[in-house]
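Working notes, structure below.
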Amino acid sequence: VVIRPEPGRSYEFIDSVYFSKATSAKVTLATQPHSRYTSIRGGDMLTDGRIGTLTFGTGEWMGFDGTPIDATIDLGEVKPVQKVMLRFLVDCSNWIFDTRGVEIWVSADGKEFKSVASKKYPAMTGYETAVKIHEFEFPQTDARFVRIKAECETSAPQWQDAAKGKPGFIFTDEFIVE
C-alpha cells in the first residue's frame, strides 16, 4: 500500500499475511494471556493471518506467563484438516522460551474431541532469539473445531540468571490450519 498525502511524497507500509483454513476464525481462550501481552481482539488475533517479527512488544504476539496456552479454533463449518502449524517467539534474554509440549485435538461438534497430534520438547540449553514453527501432520479428518494446548517453561533454566527458577513466557502469533 502506498499513501500519497502530498504530491511527490510516498510512505510505504509492508505487512505479511498468511492465509489458511483458520484465517479469521473465532478463537476461544480457556487460559488468558498476561495483561501486557494481549489484544483487544482477544484470541481472534491468533487467526488474523498477521505474522510477528522478532520484537515481542509490537502487539503482534500474545504472551502467556507461566500459564499454558489452551485455545479452541472454530472454523465455522466442518472442513477437512490434516495439518496444524504454530508459531512461537523465542527471546531468552526476555524470559520468552519455546513451548515444552503441544497437544492438538479436533472435533466436528465441539463436544467430543479426538487427539490427533502431540509432541514434547526439551528445555532450552542456551540463549536464542528466533521464531520457531512447529508443524503437526496427521491423517485427514473432518473437523469444525481445533483445540491447541501448548505448555510453557514452568521454571526458567539455571543459565538464565535473572529468571532462574521463575516461570517463563510463551509467545505465539498465529495458528495455521490446513
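Can you tell me which of (1) touching a strand residue (DSSP E or B) at 6+ places or on another chain (Cβ under 7 Å); (2) surrounded by fewer than 17 Cβ atoms within 10 Å (Cβ to Cβ) is the one Phe145 doesn't meet?
Of everything listed in (1) touching a strand residue (DSSP E or B) at 6+ places or on another chain (Cβ under 7 Å); (2) surrounded by fewer than 17 Cβ atoms within 10 Å (Cβ to Cβ), Phe145 misses just condition (2).
So Gly63 passes all but one of these: (1) touching a residue at least 60 places away in the same chain (Cβ under 8 Å); (2) more than 20 Å from Ala30 (Cβ to Cβ). Which condition number does it fail?
Here Gly63 clears every test but (2).
With Asp109, Asp48 as the choices, which residue is more than 16 Å from Ala150 (Cβ to Cβ), acidic (Asp, Glu) and surrounded by fewer than 19 Cβ atoms within 10 Å (Cβ to Cβ)?
Just one listed residue meets the conditions, Asp109.
Within the stretch 52-80, count every residue that is open to solvent by 20 Å² or more (accessible area, probe 1.4 Å) and not small (Gly, Ala, Ser).
Total meeting the criteria: 15.
As an exercise: evaluate Lys83 against (1) basic (Lys, Arg); (2) over 23 Å from Gln32 (Cβ atoms); (3) open to solvent by 60 Å² or more (accessible area, probe 1.4 Å) and give the number of the one condition it does not meet.
For Lys83, the failing item is (3).
Looking at Thr99, Thr125, Thr154, can you tell me which residue is in contact (Cβ under 8 Å) with a residue 40 or more places away in the chain, over 23 Å from Ser24 (Cβ atoms) and open to solvent by 40 Å² or more (accessible area, probe 1.4 Å)?
From the options Thr99, Thr125, Thr154, the qualifying one is Thr154.
Out of (1) part of a strand (DSSP E or B); (2) open to solvent by 30 Å² or more (accessible area, probe 1.4 Å), what's the single condition that is false for Asp161?
(1)
The values are calculated or read from the model by the stated rules, or taken from the named source; none is laboratory data. Treat the numbers as computed from the prediction; the structure is a model and nothing was measured. Using ideal geometry, Cβ is built from the backbone for each residue, glycine included, and neighbour counts are taken over all protein chains shown. Each accessible area value is taken on the protein alone, full model and side chains, heavy atoms only, with ligands, DNA and RNA left out. Shrake-Rupley method; radii C 1.70, N 1.55, O 1.52, S 1.80 Å.
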